[in-house]
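Here the structure comes first, spelled out in structure tokens, and everything after it is commentary.
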Amino acid sequence: MIPAAVAPSAAVEPSWRSDVRADAVRWLADHRPPTTRDELWRYSDVDALLEAMAADPADDQVDVDAPTIARLAGDGPANRLVLVNGRPIADLASRDGDTDVVEVLSLRPSDHRCPADSYRDLRHDDWFLATNRAAAHDLAMIKAPAGSALGAAHVVHVTAPAGHRPVAHHPTTLIRVEAGATVTVVESHVGLDGAAAVNASTTIEVGAGATLAYHRVEQGAAGSAHAGHVSVALGPDACLRAHSFTLGASTTRVTWDVVCAGDGSSVELDGLVFAGPSDHHDHLVTVDHRGSDTTSEQRFREIVGARARAAFTGRVLVRPGTTGTSAHQRNASLLLAPTAEADARPWLEIEADDVRCSHGATVGQLDDEAVFYLRSRGIPEWHARQLLIEGFASEVLESVDVAWLRHHLRDGLEQRRPAIEAAP
């Protein structure tokens, strides 16, 4: 099945781009969209995502001003690139220092460079990823040259509906950290008010001995849908320290595919999800240990209100012939109403003997005794609940090493809290 919004490009394209688009269209023709009968999609609201993705393509002539970007995505020292409905806006870009870290790779005829072999890869067998490859236009690129120690790069993808017409948008980012380099990347997916569907793809390559701190923030408008796919390949002794924040869209499905391909590579992934009052969020994290002496940590927290539902699936694959693997995952869900729902699914596939693997999941409500204690100290009940919710989220927020982003996230959570706690 090929989505109606995916049509052959009318413009003359570089041959490599035409090949990628054609491969994706063929893949879509040979595969059906996912359903909840598919094991990896069991907890997703697939019908809502597919319905939203059937909208017309977003208009790339919508204008957005700098104060709006600061409000939606935060503002701090970083090399910033802003794309509105896939179109880079030069007036909204900023530089921090003398190094060019971010750029736009145009997929239109003027640019004949191929970004990376990994961009061509559809091995993940993901219908939404193939749709992104078939429909995307401009690509945001972050490149850290070998041996460099760079500051922060901030890529802001804005989805801006034109009028009251639903739109679909396919933002794409490529991050390449070459051998021995160090860089911090913030990728924000934000939206203006209106019905919209975002189908985002991020491809990350971290070379030998390189380190990437990567923060992915989803803050789409209420009522919108968001499908995201993050694909990561780690070389020998490469390190990824990542955060995933879901704070906006009403329906989301975010997939992380991390391959520890090189010996000694490592990944830490922390996630925080705010769901409410009737949101449906699903996260699938797969860490594939293909090298020896690799380590992974998955830590996800969900705050679920009213009639909302949040799901987390943490997969760990340990390949035969590897040694010294260490893989751990923890998932904690805080339900703010009796009608809230959380699903936790650890999924371990271990085909080697020399491993240290563990998993744990907890689901609970706010502690009544803690609320009573705070009230007995003169704190109003609403404030007591707020303090406990903030305490639950703080473990993830405090691990964000970008100060301006941490403050922006706190403000966003505070703005969302009344809706999340709304009564069913």
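State to the nearest 20 debye the size of the charge dipole of the range 15-366 about its Cα centre, where the only charges are +1 on K and R beta carbons and -1 on D and E beta carbons.
On the way: 31 positive and 47 negative charges, 56 e Å.
Dipole magnitude for the range 15-366 comes out near 260 debye.
Roughly what % antiparallel, to the nearest 5, for the DSSP beta bridges in the chain? Don't skip to the answer; put the middle values down first.
Details: 7 of 144 bridges.
The antiparallel proportion sits near 5 percent.
For a quick protection proxy, order the peptides 403-412, 348-357 by their average other-Cβ count within 10 Å, most packed first. Can you show the working numbers first?
Numbers: 403-412: 17.4, 348-357: 13.4.
Peptide ranking by packing, descending: 403-412, 348-357.
Give me the one-decimal Kirkwood hydrodynamic radius in Å for the range 11-68, with the sum taken over alpha-carbon pairs.
Values: mean 1/r = 0.0664 Å⁻¹.
Radius from the Kirkwood sum: 15.1 Å.
Mind ordering 203-212, 23-32 by average Cβ neighbours within 10 Å, highest first?
Numbers: 203-212: 22.7, 23-32: 15.2.
Result, highest mean first: 203-212, 23-32.
Taking 0.36 nm per intervening residue step and subtracting the Cα-Cα distance, what contour gain separates residue 297 from residue 365 on full extension? Before the final figure, lay out each step's value.
Working: separation 68, 0.36 × 68 = 24.48 nm, distance 2.48 nm.
Full-extension gain reported as 22.0 nm.
With θ taken as phi - 60° and the coefficients 6.51, -1.76 and 1.60, list the Karplus ³J(HN,Hα) couplings across the range 76-91 in order, rounded to whole Hz; mark glycine and proline as x.
For the range 76-91, the Karplus curve yields x, x, 5, 7, 10, 10, 10, 10, 9, 6, x, 9, x, 10, 4, 5 Hz.
Using the Karplus curve 6.51 cos²θ - 1.76 cosθ + 1.60 with θ = phi - 60°, work out ³J(HN,Hα) for each residue of the range 284-293 in order, rounded to whole Hz, and write x for Gly and Pro.
Here the 3J(HN,Hα) series is 10, 10, 10, 10, 9, 8, 9, x, 8, 6 Hz.
State, in angstrom, two size descriptors of the chain derived from its alpha carbons: Rg to one decimal place and Dmax to the nearest whole number.
20.9, 70
Using 0.36 nm times the number of residues separating residue 51 and residue 339, minus their current alpha carbon distance, what extension gain do you get? Please list the in-between numbers first.
Values: separation 288, 0.36 × 288 = 103.68 nm, distance 2.54 nm.
Result: 101.1 nm gained on full extension.
Pairs of alpha-carbon atoms within less than 8 angstrom and 6+ residues apart define the contacts here; what relative contact order does the chain have, in percent? Spell out each step's value before the answer.
Values: 1122 pairs, mean separation 45.9, N = 424.
Normalised by residue count, the contact order of the chain is 11 percent.
Can you tell me the length gained on complete extension of the stretch residue 401 to residue 63, counting 0.36 nm per residue apart and subtracting the Cα distance? Intermediate results must be reported in sequence, preceding the final value.
Numbers: separation 338, 0.36 × 338 = 121.68 nm, distance 3.15 nm.
Full-extension gain reported as 118.5 nm.
Simple spin-label model, 7 Å along Cα-to-Cβ: residue 222 to residue 36 in nm?
Roughly 2.4 nm, to one decimal.
Separation between the residue 121 and residue 323 pseudo-spin-labels, each 7 Å from Cα along Cα→Cβ, expressed in nm?
Calculated label separation equals 2.6 nm.
Quick one: Karplus J couplings for the range 206-218, per residue in order, coefficients 6.51, -1.76, 1.60, θ = phi - 60°, nearest Hz, x for Gly and Pro?
Each residue of the range 206-218 in turn: 10, x, 4, x, 8, 9, 10, 9, 10, 10, 9, 10, 10 Hz.
Each reported figure results from applying straightforward, stated rules to the coordinates on display, with no laboratory input. Every value quoted in this text rests on a predicted model; they were computed, and no experiment measured them. All Cβ positions, glycine included, derive from the backbone under ideal geometry; neighbour counts span all protein chains shown.
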